[in-house]
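One structure is given here, and the rest of the page talks about it.
Here, each number is a calculation from the coordinates, and none is a lab measurement. If you're wondering where the values come from, they're calculated on a predicted model, not measured in any experiment. Glycine also receives a Cβ, built like all others from the backbone with ideal geometry; neighbour counts cover every protein chain displayed.
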Amino acid sequence: MTTTYDPNDSKYLDEGDLREEMDRVYDLCHGCRLCFKFCTSFPTLFDFIDQHDDQDSKKMTPAQQDQVVDECFNCKLCYVNCPYIPEQHEWDLDFPRLMLRAQQVRHANGDKTMRQKMTDQALGRTDLSGAMGSAMSGVANKLVGEPNSAPRKLMEKATGISAERILDPYAKQRFSTWFKKRPVYDIALSDKQGDAILFPTCLVEYTNTGIGKDFVKVAERNKIQCSLPEGEVCCGAPFLHEGDVKQFRKQGTKNVKVLAEAIRAQQEDGVVDPSVVVTQPTCGYVLKKDYVDYLEGDAKADAELVAEHTYDTSEYLMKVHKAKDTSLDTNFANDVPEKVTYHAPCHLRAQNIGLKSRDLIKLTGTKPQVVAECSGIDGTWGLREQNVEIARGVAKKMVRAMDKNEKAGAEGIVGDCSLANGGIELETGTTPQHPLQFLARAYGIPEED
């Protein structure tokens, strides 16, 4: 048995070794039970072990072990709450990364149906689908825009992407195109409060372009210079979560090379703290954590540099606001609701940076009512047709908390994750705003088509 989370370890893809490690971890989790509330993986695990009088985890079948893996959507909250994590306890327990290892062994062994492989490709090739969708946005949006429509049901059969899910429409103009065409905004060196290297993510590049536009406008209002390096691609999270490490590494190697070069170029120009600013929590987690784990050689060195300089959008703006010599403009032209619901996404909470978005929107005068319950999306897991029933069950706690806030006077919902926001809209009928959108409207910056 090898307790390893290193994908380069010689035993990492050994299925027999993996099964023994799963026995060990499952037994420890069964004895602790602290994480029973986060997802169905743990109750399922406990039920499988409890059915034996001696509660021996080794009596679980491979199929039962794999069911626990299938029900894990890698929200990572069990890791955040676990008292037995690596470097803090001798048990060296990292349940989310064990689940990723299991997915990667399955992928390496070819243990997937043709339908699963098709779904993996449909969800993984975000740059391809995004470029095509934006180029044909009029037709594409009519076809995929309405949940449970005939085209969406056909799409579900072909790709495995749930017809129930709300999918964001493709933008006619990609974010990077908008950024290149806009007037150059030069800030005097003496006035500059920061330098933001944008990593918009595929979700902002092709669909939620307004989030990227609002960040740029909010940043420039606060004398922060924005740049967008050529050559960025999707962070590769869908590939990682479905076990395709080879494709994930390809995506990662491209991104860290581009971003590391941008960081070093700014350092050479005398920028003290070049900052890579990421608009989506899952992608931010990948840049901060996953690239360092999975990339090798020069790419790993680049990944470490990028991770050191990467921030979530709200994390970055609050850093500027709290710094000794800089601060955000807090003169807001527009009224804001007295109270709003703020949804804290799992992959942002997993970064252990605190509730920076809550603090950011609080500057406008609103009173954020925090909901820290999972939407059941977590990357692309909740978009898969076979996971929707479990995912919507997981989201019920979130919905109850949001309903309670609404009854207490909260108007509207603010959330950082576009995928989670789609789940929120499906469950509540309310379309959330990204914190940057909320801040921009409070400033009086009009929404741009």
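Using θ = phi - 60° and the Karplus form 6.51 cos²θ - 1.76 cosθ + 1.60, what ³J(HN,Hα) does each residue of region 294-303 get, whole Hz, x for Gly and Pro?
Here the 3J(HN,Hα) series is 9, 8, 10, x, 4, 5, 5, 4, 4, 4 Hz.
Counting each DSSP H run of 4 or more residues in the chain as -39500 (n - 2.57), what helix-only mean residue ellipticity at 222 nm follows after dividing by all residues, to the nearest 500 deg cm²/dmol?
Result for the chain, helices only: -15000 deg cm²/dmol.
Per the Kirkwood formula on distinct C-alpha pairs, the Rh of region 175-322 is how many angstrom? Please list the in-between numbers first.
Values: mean 1/r = 0.0647 Å⁻¹.
With all distinct Cα pairs of region 175-322 included, I get 15.5 Å.
Relative contact order of the chain: what whole-number percent is it, with Cα pairs under 8 angstrom and at least 6 residues apart?
On the way: 734 pairs, mean separation 66.8, N = 449.
That works out to 15 percent.
Identify the residues of region 395-439 with backbone N under 18 Å of a label point that sits 7 angstrom from the Cα of V80 along the Cα-to-Cβ direction, or state none.
395-402, 414-424, 435
Considering the chain as a Gaussian network with a 10 Å cut-off on Cα pairs, which listed residue, K404, K324, K246, attains the greatest mean-square fluctuation?
Highest fluctuation among the options: K324.
Which whole-angstrom value gives the distance between the alpha carbon centres of region 25-57 and region 347-388?
Centre-to-centre distance over Cα atoms comes out at 27 Å.
Take the Cα atoms of region 114-159, find their three principal axes, and give me the spread along each one in whole Å, biggest first.
30, 24, 10
When all alpha-carbon pairs of region 21-109 are counted, what percent fall beyond 16 Å?
50 percent
Pop a pseudo-label 7 angstrom from the Cα along the beta-carbon direction at both T431 and D127 and give the gap in nm to one decimal.
2.9 nm
Residues with amide H under 5 Å of D312's amide H, sequence separation 5 or more or different chain, H placed in the peptide plane at 1.01 Å from N; which?
Correct list: V278.
Just D53, D273, D195 to compare: in a GNM of the chain, with alpha carbon springs under 10 Å, which one fluctuates most?
D53
Provide the percentage of antiparallel DSSP beta bridges, counting only those with both residues in the chain; round to the nearest 5. Numbers along the way, then the final one.
On the way: 1 of 21 bridges.
So the antiparallel bridges amount to about 5 percent of the total.
How do 72-83, 342-353, 115-126 rank on mean C-beta neighbours within 10 Å, highest first?
Details: 72-83: 20.9, 342-353: 22.6, 115-126: 19.2.
For the peptides 72-83, 342-353, 115-126, the packing ranking is 342-353, 72-83, 115-126.
May I have the pair-distance distribution P(r) for the chain, computed from all Cα-Cα distances with 10 Å bins from 0 and rounded to whole percent?
Reading the bins upward from 0: 4, 20, 31, 27, 14, 4, 0, 0.
Defining a contact as two alpha carbons under 8 Å apart and six or more residues distant in sequence, what relative contact order in percent does region 145-303 show? Numbers along the way, then the final one.
On the way: 198 pairs, mean separation 35.2, N = 159.
Relative contact order comes out at 22 percent.
With label points built 7 Å along Cα→Cβ from the Cα atoms of E308 and N148, find their separation and express it in nm.
Distance between label points: 5.3 nm.
Select from L167, L259, L28 the residue whose mean-square fluctuation is largest in a Gaussian network model of the chain (Cα-Cα springs shorter than 10 Å).
L28
Tell me, what HN-Hα J-couplings in whole Hz come from the Karplus equation 6.51 cos²θ - 1.76 cosθ + 1.60 at θ = phi - 60° for each residue of region 162-167, using x for Gly and Pro?
Once θ is set to phi - 60°, the couplings for region 162-167 become 4, 6, 6, 5, 7, 10 Hz.
Work out, step by step, the length gained on full extension between N352 and A158: first 0.36 nm times the residue separation, then minus their alpha carbon distance; give nm to one decimal.
Working: separation 194, 0.36 × 194 = 69.84 nm, distance 3.82 nm.
Once the chain is fully extended between N352 and A158, it gains 66.0 nm.
Classify region 47-90: rounded, prolate or oblate, from the alpha-carbon gyration tensor (a ≥ b ≥ c, eigenvalue square roots; a/c under 1.5 rounded; otherwise prolate if a/b is larger than b/c)? Walk me through the numbers before you get to the answer.
Working: a/c = 2.66, a/b = 1.51, b/c = 1.76.
It comes out oblate by the Cα gyration axes.
What's the magnitude of the charge dipole for the chain around its Cα centre, counting Lys and Arg as +1 and Asp and Glu as -1 at the beta-carbon? Answer in Debye, nearest 20. The partial results should precede the final answer.
Working: 56 positive and 69 negative charges, 272 e Å.
Its charge dipole is roughly 1300 debye.
Under the rule of at least 5 residues apart or a separate chain, name every residue whose amide H is placed under 5 Å from the amide H of A196.
Q225, C226, S227
Given a Förster distance of 60 angstrom, what is the FRET efficiency for D56 paired with F332, based on the Cβ-Cβ distance and rounded to 0.05? Working shown, then result.
Values: r = 61 Å, r/R0 = 1.01.
For R0 = 60 Å, the calculated efficiency reads 0.50.
What ranking do F179, F248 get, fewest neighbouring Cβ atoms within 10 angstrom at the top? Let's see the in-between values first.
Working: F179 18, F248 26.
Ranked by crowding around the Cβ, least crowded first: F179, F248.
I want to check the label-to-label distance for A188 and V370. Put each point 7 Å from Cα in the C-beta direction and report it in nm to one decimal.
Result for the modelled spin labels: 4.0 nm.
Work out from phi, with θ = phi - 60° and the Karplus expression 6.51 cos²θ - 1.76 cosθ + 1.60, the ³J(HN,Hα) of each residue of region 409-417, listed in order in whole Hz, and give x for Gly and Pro.
Values per residue, Gly and Pro as x: x, 6, 10, x, 10, 10, x, 7, 9 Hz.
Among the Cys residues of the chain, which have no other cysteine Cβ under 4.7 angstrom away?
For the chain, the answer is C29, C32, C39, C72, C82, C226, C374, C417, because their Cβ atoms have no other cysteine Cβ under 4.7 Å.
When the chain is fully extended, how far beyond the present Cα-Cα distance does R19 get from M114, taking 0.36 nm per residue of separation?
Working: separation 95, 0.36 × 95 = 34.20 nm, distance 2.42 nm.
That works out to 31.8 nm of additional length.
For V414, enumerate residues with amide H under 5 Å from its amide H, sequence gap 5+ or separate chain, H modeled in the peptide plane.
When sequence neighbours closer than 5 places are left aside, the close amide H contacts are T341, Y342, H343, Q433.
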